[in-house]
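Accompanying notes for the structure given below.
Rule-based calculations on the coordinates, nothing more; no lab input. All values derive from a computational prediction rather than experimental measurement. Neighbour counts are summed over all protein chains in view; Cβ atoms, including those assigned to glycine, are modelled from backbone coordinates with ideal geometry.
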Amino acid sequence: MSLIAEEGQELRGVIKRKGYYCQYCMNDDQQLFHHHFHHRFGKEVVYCRACIRMTYSSTETYYNLVEIKNLPEQADYQLDFELTAQQQFASREIVEVVKTGGRRLVHAVTGAGKTEMILEGIRTARQEGLNVAIVSPRVDVVKEVALRMKDYFSCDIDVLYQGETILYDSRFVISTVQQLVKYHHHFGLVIVDEVDAFPLPMDKRLQQLIKRAATLHSALIYLTATPPARLKKEMREETLVLPARYHRRPLPVPTYQYMSRQQMRKGKMKRYFERDAGSFLLVFFNDIKEMEEAAEIYKEYKPVTVYAADVSRHDKVAAIRSGAYPVIFTTTILERGFTMASLDVFVVDAGNYSAECLVQMAGRVDRKSVPYKGQVIFFHEGVTRSMMQAVKEIKEMNRLARMKGWLD
Ligand SMILES: [Zn+2]
């Protein structure tokens, strides 16, 4: 029920246990503790670098926990379409977990419509006075989820990332995981979106931060299209598999196409670029240099290139979304959360990606309600295990969805 506040006396920032430990952000990586002579304290001080962007947590600084009273509210939401059978099923399950406490791994395929599945769970939680947190690994995902939630709900929502501060009473929070450090035993419902997209070193600390931010009997929901193997194994008994897309069409199954690096450099991919007018093509590269080279070789198709460190990345992505470029060369930055009508996906050197990555990339195709028979081609110099695993999983999800009667 509480929020951590600066300038207190109760909780020392950095303490010494086996090694140093930061009580603010739960960091115990010794390499992230530095010391310096602090003039105000007049002595050597050890401080934590893991949370330095948020606070100055040290052996000489203290925090307080501020009590926030629970307050039930109606929290109705506006949804102008009916949930699919699968979404209703998932929604009921989530409501059940909210009521009883416990956790679920919601393994929902790309395009399943997972946001709509959590609405009823959120309303139930808020009506019972439980605080709600939706946590995402990346700032852009936090912003997008926040926009959608503000569309659905009219109640107050706190959106926390980087320098953004708390605006309301932290009863419904959408934030990056780092921001969870502010809360102790506060949330009765924690929804972790795209759990597999968290940086791997964050893994253990993520679990601890969630545990500390959540109440004792909280409901914990992990949402993902590609669960990490560890979580899949650990939560086998608590997994909800949702194999169907909201529009009731199967996932597009990737095909393999042999293409050596030399062939690619000689322009052999050209015949695949000859396509219908009005369709869009997303080509994934795992190497920026190779992508730039290819953009030169295939320049007659006027590809736009976009990657993570690209300074004009945001403008380019906006232009791409508006349909300005029929051919898009990119790295994995568009692997998730990117949807566009009439889109085909090529993966160059597909053997270099993990199965999870390949599933996400293939999952960009045929996402809109208007059907599009899109292509997914894995270009390769030899089919790898991860490629086979991705295709196998996609086929298996289609089979399951058909069996459940969730496809047309
Ligand atoms: Zn810290």
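Go ahead and run the numbers for FRET between residue 300 and residue 52, Cβ-Cβ distance against an R0 of 60 Å, rounding to 0.05.
It comes out at approximately 0.75.
Spin-label point model (7 Å from Cα, Cβ direction): what's the residue 3 to residue 151 distance in nm?
With each label placed 7 Å out from Cα toward Cβ, I get 2.8 nm.
Do you know the relative contact order of region 131-231, to the nearest whole percent, from alpha carbon pairs under 8 angstrom that are 6+ apart?
32
Just to be sure I understand the curve: with the Debye formula and one point per C-alpha of region 255-310, what is log10 I(q)/I(0) at q = 0.14, 0.27 Å⁻¹?
Cα-only, vacuum Debye calculation for region 255-310: -0.40, -1.38.
Using amide H atoms built in the peptide plane, which far-off residues or other-chain residues are under 5 Å from residue 160 H to H?
174, 175, 176
log10 I(q)/I(0), Debye, Cα-only region 148-188, no solvent, q = 0.20, 0.29, 0.34 Å⁻¹?
Normalising to I(0) and taking log10 leaves -0.62, -1.14, -1.32.
Give me the angle, in degrees from 0 to 90, between the Cα long axis of helix 203-213 and the longest principal axis of the Cα atoms of the chain, rounded to the nearest 10.
Helix 203-213 sits at roughly 50 degrees to that axis.
In degrees from 0 to 90, rounded to the nearest 10, what is the angle of the helix 139-152 Cα long axis to the longest principal axis of the chain?
With rounding to tens, the tilt is 90 degrees.
Restricting to the chain, what percent of DSSP beta bridges are antiparallel, rounded to 5?
Just about 30 percent of them are antiparallel.
For region 182-187, just list the computed ³J(HN,Hα) in residue order, Karplus coefficients 6.51, -1.76 and 1.60, θ = phi - 60°, integers in Hz, with x standing in for Gly and Pro.
Per-residue couplings from phi come out as 6, 10, 10, 6, 10, 9 Hz.
Quick check on region 73-222: take the gyration tensor over C-alpha atoms, sort the square-rooted eigenvalues as a ≥ b ≥ c, and tell me if it's rounded (a/c under 1.5), prolate or oblate.
Details: a/c = 1.31, a/b = 1.23, b/c = 1.06.
Note, shape of region 73-222 comes out rounded.
Across bins of 10 angstrom width beginning at 0, how are the C-alpha pair distances of region 282-408 distributed, in whole percent?
12, 41, 33, 12, 2
What is the set of long-range amide H partners of residue 185 at a cut-off below 5 Å, with H atoms built 1.01 Å from backbone N?
So residue 185 has HN proximity to 213, 214.
How big is region 32-159 in terms of Cα radius of gyration and Dmax, in angstroms?
20.5, 66
Just to be sure I understand the model, the point goes 7 Å from the Cα along the line to the Cβ. What's the resulting residue 99 to residue 40 distance in nm?
Label at residue 99, label at residue 40, 5.1 nm between them.
On average, how much area does the Cα convex hull of the chain cover when viewed from any direction, in nm²?
Dividing the Cα hull surface by four gives the mean projection, 22.3 nm².
With axes computed from alpha carbons, what is the tilt in degrees of helix 85-100 against the longest principal axis of the chain, rounded to the nearest 10 within 0 to 90?
Once rounded, one gets 10 degrees.
Please order 288, 122 by the number of other Cβ within 10 Å, starting at the fewest.
By the 10 Å Cβ count, ascending, the order reads 288, 122.
Rank these for me by crowding, 361, 149, 388, going from fewest to most other beta carbons within 10 Å.
Values: 361 27, 149 21, 388 14.
Listed from fewest to most nearby Cβ atoms, that is 388, 149, 361.
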